[in-house]
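The values are calculated or read from the model by the stated rules, or taken from the named source; none is laboratory data. Predicted, not measured: the structure shown is a model, and the values here were computed from it. Heads up, the Cβs are rebuilt from the backbone with ideal geometry, glycines too, and the neighbour counts pull from every protein chain shown.
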Amino acid sequence: MTLRYLLEKEFKQFFRNPFLPKLVLAFPVLIMLVIPWIMTMDIKNIGVTVVNHDSGGAAERLIRKIETSEYFILNGVEHDYEEALTALEYAKTDAIVEIPADFDRRLTTEGSAPVQVSINAVNDMKGALGANYLGALCNEFSRETLGGAVGQGGAAAAPKIEIVTQNRYNPYLDYKMFMIPALMVIVLLLLGGFLPALNIVGEKEKGTIEQINITPVSKFTFIFAKLIPYWVMGLLVLSVCMLLAWLVYGLAPQGNVGIIYLFSVLFILAVSGFGLIVSNYSDTMQQAMFVMFFFMLIFMLMSGLLTPLRSMPDWAQYMTVINPPRYYIEMMRMVYLKGGMLADLQTQLWALVAIDAVLGTWAVLSYRKRE
Amino acid sequence: MREEHVIEAEGLTKMFGTFTAVDHITFDVKKGEIFGFLGANGAGKTTAMRMLCGLSKPTAGRATVAGCDIVREPERVKRNIGYMSQKFSLYEDLQVWENIRLFGGIYGVAEREMAQKTDDMLRRLGIYGEKNTPVKRLPLGWKQKLAFSVAIFHEPKVVFLDEPTGGVDPRARRQFWEMIYEAADRGITVFVTTHYMDEAEYCDRVSIMVDGRIDALDSPGGLKRQFGVGSMDEVFYKLAREAKRGE
């Protein structure tokens, strides 16, 4: 069986490489230990400057509340709006809360009082979330302050409907829980894509591919022998990632681990197959590298990994239909966070099988033993 | 029955765009022969050889190697030939025995014979002590001898050698040619390109390519008589002078 000899060769070459085995081990460990802390969309430490025109106790209490919130940093209390605006313009603060002169009086007599919030929305996400948090803080404040008043018959200002949100699947809204499965996808995508892309073209540069092309080895066997090591490596790397997610972040899949491995086998075949295709068409490592960079970015940005697919324009959503990471990431989040079962993942499963069939065939056909 | 031909080429042509690298060459190589394939740099030797090995598809013409059509059944051709290129191409990061095992395995040498055959070969080459040495640490002369042995490990009908002795010292070249003779004695046909005219003298027959065509083909003695000169060197100069192509 020729495959066996080719596999021996691939594994020996991999382990004899002074750099690759270390990379394959260090890469997932670093990504899993470092990135979850950095890649967070929780907006914290929003700088707030208060412009206070009132000297009453209610205004003072509102300021204290802002100061003690974990989301805000109180950058100072001014008496002049213009000064605060200058600070905002120089990016020394992110938001201005202006408390009017009759704040305390209107609150006690009318049961409601306006507060103006101006926010720097250059980063629209930060702006929107900051405004949201400030709104929530003010609501809470009015509930606390007016709670007593309601008892005294001032019911007009009391909210009639209170919305209680229950966060399913990620109860503490921890962004890490959302990102960790996505990071595993990134690790597999990068390792499983780049290494094969550099492999065949590497043999072309060294000239050893000639010695293979001159033998009667079949294209299928050759490509298969190139793929299997990436399967093994990918599944090992995935296991390391899952172990770290559990040990460091206490995150274990809610669903069946077997589903994750089944999908991983399919996913690695897709990305490694793609890498081999790029390698087959490239003449130099440099060329293969740049082509891979180009596609990797598209794969990642169009997968729903970082931004939700549903917010993309229709044409972009149609394009994601052929993007393998899209299905893999959907599966990962579903199994990890929601405890999804195979029956819930039929679309993703068959989509990956179809993509594998196309890319696998293409990888074999694009390897040409004859010019 | 006429003499058995291992290689038969007829009007074999390769064009790259408008450039004709190999221009309608026709020749035969007999079984067991050492056939020298000469020509200046850029004359089209390597391209012609790559077509015969099934590595490159001819633009026109036909050829058979070991009875297999190189256009229609290149993979069958490959089962019957060995090949060693001027660009040394064993796996540098694999050890000596691992390279032998890899190519032996690909050509279907049985697992149980592998170890014995490997040891025999290494002893014959006198490099048994280097069995576990990575190929990249062997001196060039040894590498080339090893590459040649690997190319004929599966007893092919023809072995193609593309400038096999480039860059090695005269003693290693001489040893290499002894190996070529041994192979030819065992019935393996040798098809060899070279730039060394003393090596051309060792061949049974020699063809000289000029600008993609075969301008002369005969035994070294016959060529010298035909051109009325005393050495292959002078034959080569006479022909190469007419070349229009630059380097």
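Scanning for something more than 14 Å from chain B (Cβ to nearest Cβ) and of a type in the set (Lys, Arg), does region A:295-314 turn up at least one residue? Checked against the condition, which is being more than 14 Å from chain B (Cβ to nearest Cβ) and of a type in the set (Lys, Arg), region A:295-314 yields at least one hit.
Selection of region A:308-361 for residues being among the small types (Gly, Ala, Ser), outside any helix (DSSP H, G or I) and at pLDDT 90 or above yields an empty set. Scanning region A:200-225 for residues that are in a helix (DSSP H, G or I), touching a helix residue (DSSP H, G or I) at 6+ places or on another chain (Cβ under 6 Å) and of a type in the set (S, T, N, Q) turns up just one, A:Thr221.
Restricting B:Val29, B:Val6, B:Val22 to those that are outside any loop (DSSP other than H, G, I, E, B), farther than 18 Å from B:Lys157 by Cβ, more than 11 Å from chain A (Cβ to nearest Cβ) and of a type in the set (A, V, I, L, M) reduces the list to B:Val22.
Annotation note: Cβ proximity below 9 Å between a residue of region A:88-101 that is in contact (Cβ under 8 Å) with a residue 24 or more places away in the chain and a residue that is surrounded by fewer than 13 Cβ atoms within 10 Å (Cβ to Cβ) and of a type in the set (A, V, I, L, M) (sequence gap 6+ or interchain) occurs for A:Ala91/A:Val122. For region B:7-24, which residues satisfy the criterion of being crowded, with 23+ Cβ neighbours inside 10 Å and within 22 Å of B:Asp218 (Cα to Cα)? Once the filter is applied, which keeps residues that are crowded, with 23+ Cβ neighbours inside 10 Å and within 22 Å of B:Asp218 (Cα to Cα), region B:7-24 yields B:Ile7, B:Ala9, B:Leu12, B:Val22. Of all the numbered requirements in (1) at positive phi; (2) more than 10 Å from chain A (Cβ to nearest Cβ), B:Glu113 misses one, and that requirement is (1). The residues in region A:28-57 that are among the β-branched types (Val, Ile, Thr) and either assigned to a loop (DSSP other than H, G, I, E, B) or touching a Ser or Thr at 6+ places or on another chain (Cβ under 6 Å) (or both) can be counted, and the count is 3.
Restricting attention to region B:131-143, does a residue exist that is outside any loop (DSSP other than H, G, I, E, B), modelled with pLDDT of 90 or more, touching a strand residue (DSSP E or B) at 6+ places or on another chain (Cβ under 9 Å) and facing chain A (nearest Cβ under 10 Å)? Yes, that holds for at least one residue.
Quick grid of which residues meet (1) touching a residue at least 40 places away in the same chain (Cβ under 8 Å); (2) buried (at least 22 other Cβ atoms within 10 Å of the Cβ); (3) within 16 Å of the chain's Cα centre (by Cα):
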{"residue": "B:Asp69", "(1), (2), (3)": "no, no, no"}
{"residue": "B:Glu130", "(1), (2), (3)": "no, no, no"}
{"residue": "B:Val135", "(1), (2), (3)": "yes, no, no"}
{"residue": "B:Leu140", "(1), (2), (3)": "yes, no, no"}
{"residue": "B:Gly166", "(1), (2), (3)": "yes, no, yes"}
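Examine region A:201-217 for a residue that is away from chain B (no Cβ under 14 Å) and either crowded, with 23+ Cβ neighbours inside 10 Å or under 28 Å from A:Tyr169 (Cβ atoms) (or both), and state whether such a residue exists. Checked region A:201-217: at least one residue is away from chain B (no Cβ under 14 Å) and either crowded, with 23+ Cβ neighbours inside 10 Å or under 28 Å from A:Tyr169 (Cβ atoms) (or both). Residues that are without any contact (Cβ under 8 Å) to a residue 60 or more places away in the chain and more than 16 Å from A:Gln116 (Cβ to Cβ) within region A:63-87 comprise A:Arg64, A:Glu67, A:Thr68, A:Glu70, A:Ile73, A:Leu74, A:Asn75, A:Gly76, A:Thr86, listed in sequence order.
Restricting attention to region A:88-105, the residues that are crowded, with 17+ Cβ neighbours inside 10 Å, out of contact with any Asp or Glu (no Cβ under 6 Å at 6 or more places or on another chain) and in a helix (DSSP H, G or I) add up to 1.
With respect to B:Lys14, determine if the residue is within 11 Å of chain A (Cβ to nearest Cβ), more than 19 Å from B:Thr189 (Cα to Cα) and either assigned to a strand (DSSP E or B) or within 14 Å of the chain's Cα centre (by Cα) (or both). Here the answer is yes, as B:Lys14 does meet what is asked. Would you point out which residue out of A:Leu251, A:Leu247, A:Leu189 is touching a helix residue (DSSP H, G or I) at 6+ places or on another chain (Cβ under 7 Å) and either outside the structural domain of A:Phe299 (by TED's automatic domain parsing) or not in a loop (DSSP other than H, G, I, E, B) (or both)? Step by step, each of A:Leu251, A:Leu247, A:Leu189 is checked, and only A:Leu189 is touching a helix residue (DSSP H, G or I) at 6+ places or on another chain (Cβ under 7 Å) and either outside the structural domain of A:Phe299 (by TED's automatic domain parsing) or not in a loop (DSSP other than H, G, I, E, B) (or both). Would region B:80-90 turn up any residue that is of a type in the set (S, T, N, Q), facing chain A (nearest Cβ under 9 Å) and buried (at least 19 other Cβ atoms within 10 Å of the Cβ)? Checking region B:80-90: at least one residue is of a type in the set (S, T, N, Q), facing chain A (nearest Cβ under 9 Å) and buried (at least 19 other Cβ atoms within 10 Å of the Cβ).
Identify the residue in region A:106-147 that is closer than 22 Å to A:Lys44 by Cα and of a type in the set (D, E, K, R) and, among all such residues, is surrounded by the fewest Cβ atoms within 10 Å (Cβ to Cβ). Please lay out each step first, then the result.
Here is the first cut: in region A:106-147, the residues closer than 22 Å to A:Lys44 by Cα are A:115-141.
Add one more test, that the residue is of a type in the set (D, E, K, R), and what stays is A:124, A:126, A:140.
On the way: A:Asp124: 8, A:Lys126: 17, A:Glu140: 12.
In this case the residue turns out to be A:Asp124.
For region B:60-78, filtered to residues that are of a type in the set (D, E, K, R) and over 30 Å from B:Arg137 (Cα atoms), the residue that is farthest from the other protein chains (Cβ to nearest Cβ) is B:Arg62. Inspect region A:256-276 for any residue being more than 25 Å from B:Gly54 (Cα to Cα), in a loop (DSSP other than H, G, I, E, B) and either within 14 Å of another protein chain (Cβ to nearest Cβ) or not aromatic (Phe, Trp, Tyr) (or both) and give the result as yes or no. Yes, region A:256-276 contains a residue that is more than 25 Å from B:Gly54 (Cα to Cα), in a loop (DSSP other than H, G, I, E, B) and either within 14 Å of another protein chain (Cβ to nearest Cβ) or not aromatic (Phe, Trp, Tyr) (or both). All of (1) in a loop (DSSP other than H, G, I, E, B); (2) at the interface with chain A (Cβ under 9 Å from one of its Cβ atoms) hold for B:Arg101 with one exception: (1).
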